[in-house]
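*Asks:* Please read through the structure below; I'll follow up with questions.
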Amino acid sequence: MKLSPVGVVLGTIGLLVGVAGVLALREATLSTHEPVEPGTTTEVRFDAATRGGEVGQTLDEMVSALVVTCRLEVSSDLVGDVEDIGDDRYRAVLAPALDETNRRQFRGCVEDWTIDQLETDNVDFG
């Protein structure tokens, strides 16, 4: 079997494009953490609503359970209680501050975690 120079060049280009694609995908999906200053905090705010829920469970209890569960996904702890700041909007403070990777993980947990009849939306960080 004889290799043509054009085939070798095209094969090399294809290999390089494939390696570049894999490296780009790896970088986009890799969870890398950045150092955060001790004593810093991140404030998380989000909307929450319930459609029925279990008898005896309040929206406040459901939201608190969600935040306590989601904080297990990141390297920060809840500071104080989750606060109802009005209009079905809630606030929690986590310490130490969340780096960008932990923010993505926490947001994903709050938006995707399933507690029966609890819906959350509009997560933002302060």
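The values are calculated or read from the model by the stated rules, or taken from the named source; none is laboratory data. Remember, predicted model here, so these are calculated numbers, not experimental data. Glycine gets a Cβ as well: all are built from the backbone with ideal geometry, and neighbour counts include every protein chain shown. Only protein heavy atoms, including side chains, enter the accessible area calculation; ligands, DNA and RNA are left aside. Shrake-Rupley method; radii C 1.70, N 1.55, O 1.52, S 1.80 Å.
*Asks:* How far is helix 100-112 tilted, in degrees, relative to the longest principal axis of the Cα atoms in the chain, given as a value from 0 to 90 rounded to the nearest 10?
*Replies:* Rounded to the nearest ten degrees, it is 60.
*Asks:* Can you compute 3J(HN,Hα) from phi for each residue in segment 70-80, using the Karplus curve 6.51 cos²θ - 1.76 cosθ + 1.60 with θ = phi - 60°, rounded to whole Hz and x for Gly and Pro?
*Replies:* With coefficients 6.51, -1.76 and 1.60, one gets 5, 5, 6, 7, 10, 9, 10, 10, 6, 9, x Hz.
*Asks:* Taking a probe of 1.4 angstrom, what is the accessible area of Leu78 in Å², to the nearest 10?
*Replies:* 50
*Asks:* How far is helix 5-29 tilted off the main Cα axis of the chain, in degrees rounded to 10, range 0 to 90?
*Replies:* 10
*Asks:* Are there any trypsin sites (Lys or Arg not before Pro) in segment 55-116 that are in a DSSP loop and have at most 16 other Cβ atoms within 10 Å? List them by number.
*Replies:* Sites meeting the loop and neighbour criteria: none at all.
*Asks:* Which whole-Hz couplings ³J(HN,Hα) result when phi for each residue of segment 114-123 is put into the Karplus expression 6.51 cos²θ - 1.76 cosθ + 1.60, θ = phi - 60°, listed in order with x for Gly and Pro?
*Replies:* Values per residue, Gly and Pro as x: 10, 10, 3, 6, 9, 10, 10, 7, 6, 6 Hz.
*Asks:* Semi-axes of the equivalent ellipsoid of the chain: what are they in whole Å, largest first, if each equals the square root of 5 times a C-alpha gyration tensor eigenvalue?
*Replies:* Its equivalent ellipsoid spans semi-axes of 45, 19, 10 Å.
*Asks:* Here is a further query. Where only protein heavy atoms count, and the probe is 1.4 Å, what is the accessible area per residue for the chain in Å²?
*Replies:* Here the per-residue accessible area is 66 Å².
*Asks:* I need the chymotrypsin sites (Phe, Trp or Tyr not before Pro) found in segment 23-115, filtered to DSSP loop residues with at most 16 other beta carbons within 10 Å of theirs.
*Replies:* Trp113
*Asks:* What are the extents of the Cα atoms of segment 50-91 along their three principal axes, in Å, largest first?
*Replies:* 32, 21, 14
*Asks:* Could you check how much of the accessible area of the chain is carbon and sulfur, as a whole percent, using a 1.4 Å probe?
*Replies:* Answer for the chain: carbon and sulfur cover 56 percent of the accessible area.
*Asks:* Can you tell me what share of the DSSP beta bridges in the chain is antiparallel? A percent to the nearest 5 is fine.
*Replies:* Antiparallel bridges: around 100 percent, rounded to the nearest 5.
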